[in-house]
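Since the structure comes first, as structure tokens, the remarks are kept for the end.
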Amino acid sequence: MPFSSILTLSCPDRPGIVYRVSEFLYARGANIVDSAQFDDKHSDRFFMRVHFEVAAGEATLAALESDFDALAAEFGMQARFHDTARKTRTVILVSQHGHCLNDLLYRWQTGALPIDIAAIVSNHRDFYRLAASHDIPFHHVPVTRDTKAAAERKLTELIDEQGVDLVVLARYMQILSPELCARLEGRAINIHHSFLPSFKGARPYYQAFDRGVKLIGATAHYVTTDLDEGPIIEQDIARVDHRMDPDALTLAGRDVESMVLARAVTWHAQHRVILNGSKTVVFR
């Protein structure tokens, strides 16, 4: 059967990588639809994303993956083939602020967000009706200091049972344990305002109002054990001024947060993001 796939890779930079990858695909009947590459002079690493199609009767995706092992070993590549017919299986975590969740659900329902939402998990019950309106399973998992470990075990079981590829923290106001962060490395995305580290803690937009900020922003990043300091995927800002009270700043901030998170999730699901140490390469 014909199929479409995306190959992502990174490796130490050296001459001939693009040629050898293209030659490999051509020899197996693949037609390259889109290709992008980046040579990071600072880390001396090479990054590449290739979207290709294979006609019926040619190689299978499994055969391509197996055959590519030798080339990957020769160049020291970290490489992965992604079947474009399979949407990214996703769980969304949320607490009591639903703007990012609602935005993701709307984009998903209209087909603009290329993911498959397996479940919504929350430490509060606020959005169970919203989940039900989209026919998505809702799991209420309360979290206290005494129940945090048990709650994370339940979340881990759900991730494993549902074959989850991506966890999205859509304003989930709980800190994940180092163990869970390590387990989800490279497949958990968080969103927060970009005031950090200036305005930590509760009500950051009220703190920003008191300081008279002139712009606000949001950052989407991969979750790591370093709180809110994981590899950044996307950022954006909105200009504000003295006429805006704390509620207006909060509203503007929520809009930016929603847009930034949606972009990050979309690019991850389209296999456009490759980790580069503490940073990312994003082939938009």
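Could you work out the relative contact order of the chain? I mean the mean sequence separation of Cα pairs under 8 Å and 6+ apart, divided by the number of residues, in percent. Could the numbers behind the result be given before it?
Numbers: 498 pairs, mean separation 45.4, N = 284.
Taking the mean separation of contacting Cα pairs over the length of the chain, I get 16 percent.
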From the protein chains alone at 1.4 Å, what is the descending order of accessible area for His124, His134, largest first? His124, His134
Residue-normalised 222 nm signal for the chain, counting each DSSP H run of n ≥ 4 as -39,500 (n - 2.57), nearest 500 deg cm²/dmol, is -10500 deg cm²/dmol
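Let a ≥ b ≥ c be the square roots of the eigenvalues of the Cα gyration tensor of the chain; is it rounded (a/c under 1.5), or, if not, prolate (a/b larger than b/c) or oblate?
Values: a/c = 2.05, a/b = 1.61, b/c = 1.28.
Prolate, since a/c reaches 1.5 and a/b exceeds b/c.
Using a 1.4 angstrom probe with every protein chain in place, what is the largest-first accessible-area order of Tyr172, Tyr106?
Working: Tyr172 30, Tyr106 140 Å².
Highest to lowest solvent-accessible surface, that is Tyr106, Tyr172.
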Ignoring ligands, DNA and RNA, please state the percent of accessible area on the stretch 135-268 from carbon and sulfur, probe 1.4 Å. 51
Low-density loop cleavage sites - trypsin sites (Lys or Arg not before Pro) in the stretch 64-136, where at most 16 other Cβ are within 10 Å (DSSP): Arg86, Lys87, Arg125
Any chance you could run the full-extension gain for Met1 through Ile232? It's 0.36 nm times the residue separation minus the Cα-Cα distance, nm to one decimal. 79.4 nm
Expected max-MSF residue from Ala220, Ala264, Ala131 in the GNM of the chain (alpha carbon, under 10 Å) is Ala131
Residue-normalised value, i.e. accessible area per residue, for the chain at 1.4 Å probe, in Å², stands at 52
Taking placed amide H atoms and a strict 5 Å upper bound, the residues 5 or more places from Thr88 or on another chain that come that close are Asp116
Karplus-derived 3J(HN,Hα) from phi for the stretch 273-281 (6.51 cos²θ - 1.76 cosθ + 1.60, θ = phi - 60°), whole Hz, x at Gly and Pro, runs 10, 10, 5, 9, x, 8, 10, 10, 9
Amide proton proximity set for Ala188, modelled H, under 5 Å, gap of 5+: Val167, Val223
Suppose R0 equals 41 Å. What FRET efficiency, 1/(1 + (r/R0)^6) with r the Cβ-Cβ distance, do Asp40 and Ala112 give to the nearest 0.05? 0.85
Using a probe of 1.4 angstrom, how much of the accessible area of the stretch 54-93 is carbon and sulfur, in percent? 46
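The values are calculated or read from the model by the stated rules, or taken from the named source; none is laboratory data. In this text, all values refer to a predicted model and were calculated from it rather than measured experimentally. Every residue, glycine among them, receives a Cβ derived from its backbone with ideal geometry; neighbour counts consider all protein chains shown. Just so you know, the surface numbers come from the protein's heavy atoms only, side chains and all, with ligands and any DNA or RNA stripped out. Shrake-Rupley method; radii C 1.70, N 1.55, O 1.52, S 1.80 Å.
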